[in-house]
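Asks: Just passing along the structure, written as C-alpha cells.
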Amino acid sequence: MPARKDQPKKIKAPVPAKEAPKEAVPAKKGKPAPELLRGFRDILPEEQSRWQSVRDVVRAMADAYSFDRIDTPVLERSDLFLRAVGKQTDIVEKEMYVFEDPAGDSVALRPEGTAGVARAYINHGMVNLPQPVKLWYEGPMFRHERPQAGRYRQFHQAGFEVLGSTEAIIDAQLLMIAVQTLKELGLPTTVQVNSIGTPETRQAYLAELVNFFRPHRSKLSEDDKHRLQKNPLRILDSKDVAVQELLPNAPQIVDWLDEPSKNHFMKVLEFLDEVEIPYVLNPHLVRGLDYYTHTVFEVYEAGDTGERAQSALAAGGRYDGLVEQLSGRPTPACGFAIGMERVVRALIERNVPGAGRPRPQVFFAQLGDAARRVGLKLYEQFRQGGIAVAEAFGKNALKSQLEAANKLGAPFTIIIGQKEVLDGTVIVRDMDSGAQEIADRGKIVSILKKKLAEEA
Ligand code: HAM
C-alpha cells in the first residue's frame, strides 16, 4: 500500500553504501586545489591570539574614550568613494574593486572606512545628536594595490572618527589614542605630523609647487608627471629618487598656511607636548586621500623613519569638508585608522605574545564510548558552572589524554572509565601531585569549584 502523505515516514536504518560505480564519480586527478587570490590571505588559528589582542585593546580604548561602535557595509555605491576619497587619487584611479551589480548599479568594495562613516552620519541624521559624535569601527577594506610585505588587497582597519568639532584638542586626543593603543599592545611608536591647511589657502601653494617642479618635468616619472598635472600635492608623497632629490628645496605648505590654520596647528602641537607625545614635523606628509584639511599624521614603529614604503601602522587627520562634500550639513571632523595586519606583523617581529585562550581549569578524560556520552553532558555542566574545561574526545588512550591535560596546564583532570559510568562517579586527579580520589558525579561541579577556590 502506498504511504499516505500525512503519515510520518519510517526512517530506515542507514545501509552501508555499496561502492559507487566508477563512472559516477568523475576523476578529479590533475586538477589543482583552489588557490587564494593574490594579495588576499587566510588568518590562521596560530595568528588569532595576536589578532584578538589587537581587537581587545582597540575595544578597550574605544570604551575608555567613549566611542560608539558603528559597522557600515563592505559594499557601497562607487560614487561615495569618488566623492569622498577623490577622483584623482591612486585609490580611486587604480585600486578600487569596482563592478556593476546585477541591477546595473556601479558598486565598490570599500577601500577605507571614513567615507562610509560620513555617509552614515548624514543618512541617520547624527548631526542632531549632541556633538561631537564619536564612532569606531573595525573590519576589512579592499585595495587592488601591488601586493608586498605589509600591503594586501584585503586588509583590516580599526578606525576612530570624531564628527562635529573643530577643536584642536580632538586632533591631539585622536593622535594620543593611536599612540597609546599601539603602546598598550607593546609597540613603541614615532609620530609624523603636518598641516595641509584648507582647500582655499592650498591653491596658492599648489601653484607654487607646480612652478617649482615644472623645470624638472623631464626627470619625473610618468606617474609623478600625472600627479603634478592632476593632484600636485601628491607629488610630495612620491618615493621616486628624482622627486626625493628635489624635495628639500621645494616650497613647504606650512609657509603658506593662513593664520587660522597656523593657529590650529600650533594648538595641536601644544596639546601633544602637554601629553608628552613626541612627534616629528614632516612638511612633505600629505596622505593619499583628498578629504584631508589641516592636521595630517602617520604613526610608525619607533626607529622607522617612514622611508620603507607601506610601513605606517596607523594614519589619519582632519577632514572638515567631507560631510558637506557628501551633501551633509557642514561638519568638521577628524579621525584615524590602524592597519591591523601591520600591527600583528610588528607584534610577531617583536615576539609580543597574544591574548590566548584562558587556561582550562579542568580537563575531561574518558575511556570508551559510554564514558564519552557522560562526558559530553558533564562538559556542558562545567561550562554552565563557569569552569573553563577542555577535552580530547578524539583520543582513546588515557596516557595521551593526560599528556594533553598537562600541555594545557589544567590543574585537575576528571577521568571516567567503564566502572565510573556504572557507579555514577568520577575520578578527580590533581595534576600537580598525581593524587586521585573518587567523587560523586552529581556533585562534581560544586566539588571542583571548591577545590579551585582553595587553590586560588
Ligand atoms: P590610510 O593611510 O589609507 O588611511 O590607511 C590607514 C592604515 O591602514 C595605514 O596606515 C596602514 O596601516 C593600513 N593600510 C592601508 N592600506 C593597506 C594595505 N593595502 N595593506 C595593509 N594595510 C594597509 C585611511 O584609510 C583613512 N580612512 C584613515 C582615516 C580615518 N583618516 C581619518 N579617519
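Asks: Charges at C-beta only: +1 for Lys and Arg, -1 for Asp and Glu. How large is the resulting dipole of region 358-455 about its Cα centre, in Debye rounded to 20? Intermediate results must be reported in sequence, preceding the final value.
Replies: On the way: 15 positive and 12 negative charges, 49 e Å.
Around 240 debye, computed over region 358-455.
Asks: Quick one: ranking 144, 264, 124 by accessible area, 1.4 Å probe, largest first, what do you get? Don't skip to the end; give the middle numbers.
Replies: On the way: 144 80, 264 25, 124 130 Å².
Correct descending sequence by accessible area is 124, 144, 264.
Asks: Rg/Rh for region 336-456: what does it come to with C-alpha atoms and Rh from Kirkwood?
Replies: Here Rg/Rh amounts to 1.12.
Asks: For region 31-81, what is the accessible area per residue in Å², given a 1.4 Å probe and the full set of protein chains?
Replies: 66 Å²
Asks: Return the percentage of antiparallel bridges among DSSP beta bridges fully within region 296-438, rounded to the nearest 5 %. If you can, show how the numbers build up before the last one.
Replies: Details: 16 of 24 bridges.
In region 296-438, DSSP labels about 65 percent of beta bridges as antiparallel.
Asks: If I model region 267-343 as equal point scatterers sitting on the Cα atoms and use the Debye formula, what is log10 I(q)/I(0) at q = 0.13, 0.19 Å⁻¹?
Replies: For region 267-343, the Cα-only Debye profile gives -0.47, -0.93.
Asks: A further question on this structure: Can you pull the semi-axes for the chain, root of five times each eigenvalue of the Cα gyration tensor, sorted largest first, whole Å?
Replies: 56, 30, 22
Asks: Let me ask something additional. For region 292-390, place one equal point scatterer on every Cα, skip the solvent, and apply the Debye formula. What is log10 of I(q)/I(0) at q = 0.12, 0.20, 0.21 Å⁻¹?
Replies: -0.68, -1.01, -1.05
Asks: While we're looking at this one, here's another question. Keeping all protein chains in position, work out how much accessible area residue 93 exposes to a 1.4 Å probe, and write it in Å² to the nearest 10.
Replies: Accessible area, nearest 10 Å²: 80 Å².
Asks: Of all beta bridges DSSP finds with both residues in region 358-455, what is the antiparallel percent, to the nearest 5? Present the calculation step by step, with values, prior to reporting the outcome.
Replies: Working: 9 of 17 bridges.
In region 358-455, approximately 55 percent of DSSP beta bridges are antiparallel ones.
Asks: With the dipole of region 131-281 worked out from charges on the C-beta (+1 for Lys and Arg, -1 for Asp and Glu) around the Cα centre, which of 155, 205, 278 lies farthest toward the positive end?
Replies: My answer, from the dipole projection, is 155.
Asks: So, one more: What percent of all Cα-Cα pairs in region 74-146 falls in each 5 Å bin, counting up from 0?
Replies: 3, 15, 25, 21, 17, 10, 6, 2, 0
Asks: Work out the charge dipole of the chain with +1 on the Cβ of Lys and Arg and -1 on the Cβ of Asp and Glu about the Cα centre, then indicate which of 141, 313, 126 is farthest towards its positive end.
Replies: 141
Asks: Pairs to check: 31/407; 134/225; 419/449; 183/219. Give those whose C-alpha atoms are more than 31 Å from each other in this structure.
Replies: Values: 31/407 40 Å; 134/225 39 Å; 419/449 24 Å; 183/219 42 Å.
Table pairs above 31 Å Cα-Cα are 31/407; 134/225; 183/219.
Asks: On the accessible surface of region 153-308, probed at 1.4 Å, how many percent belong to carbon and sulfur atoms?
Replies: Solvent-exposed carbon and sulfur of region 153-308 make up 50 percent of the total.
Asks: Evaluate the charge dipole of the chain about its Cα centre and quote only its size in Debye, nearest 20, assuming +1 on the Cβ of each Lys and Arg and -1 on the Cβ of each Asp and Glu.
Replies: The calculation lands at about 2640 debye.
Asks: R0 = 22 Å: FRET efficiency of residue 259 with residue 66, Cβ-based, nearest 0.05?
Replies: Taking R0 as 22 Å, the efficiency between residue 259 and residue 66 is 0.10.
Asks: Keeping all protein chains in place and using 1.4 angstrom, which order do 213, 99 fall into by accessible surface area, from largest down?
Replies: 99, 213
Asks: Same structure, new question: Sort 151, 429 by heavy-atom solvent-accessible area, probe 1.4 angstrom, most to least.
Replies: Listed by decreasing accessible area, they come as 429, 151.
Asks: Right, here's the next one. Per 0.36 nm of contour for each residue apart, how much would the distance between residue 273 and residue 351 grow if the chain were fully extended, relative to their Cα-Cα spacing?
Replies: Here the answer is 25.0 nm.
Asks: Let me ask something else. If I compute solvent accessible area with a 1.4 Å probe over the protein chains, what percent of it on region 358-455 is carbon and sulfur?
Replies: The C+S portion of the solvent-accessible surface of region 358-455 is 52 percent.
Asks: Taking the solvent-accessible surface of protein heavy atoms with a 1.4 Å probe, what is the per residue accessible area of region 188-325 in Å²?
Replies: Here the per-residue accessible area is 46 Å².
Asks: Averaged per residue, what accessible area in Å² does region 358-455 show with a 1.4 Å probe, protein chains only?
Replies: 56 Å²
Asks: If you don't mind, there's one more thing I want to ask. Kindly rank 164-174, 248-258, 311-321, 36-46 from highest to lowest mean number of other beta carbons found within 10 Å of each residue.
Replies: Result, highest mean first: 311-321, 164-174, 248-258, 36-46.
Asks: Given C-alpha coordinates of region 192-248, what is the ratio Rg to Rh with the Kirkwood estimate of Rh?
Replies: Numbers: Rg = 11.3 Å, Rh = 11.8 Å.
The Rg/Rh ratio comes out at 0.96.
Asks: On the first, second and third principal axes, largest extent first, how far apart are the outermost C-alpha atoms of region 249-309 in Å?
Replies: Dimensions of region 249-309 along the principal axes of its Cα atoms: 33, 30, 26 Å.
Asks: Also, quick follow-up: Helix-only estimate, please: 222 nm mean residue ellipticity of the chain, summing -39500 (n - 2.57) across DSSP H runs of length 4 or more and dividing by its residues, to the nearest 500.
Replies: My calculation for the chain gives -10500 deg cm²/dmol from helical runs alone.
The values are calculated or read from the model by the stated rules, or taken from the named source; none is laboratory data. This is a predicted model, so every value here is computed, not measured. With ideal geometry, Cβ positions are generated from the backbone for all residues, glycine too; neighbour counts draw on all protein chains shown. The protein model used for the area step is the full one, side chains on, heavy atoms only, and it has no ligands, DNA or RNA in it. Shrake-Rupley method; radii C 1.70, N 1.55, O 1.52, S 1.80 Å.
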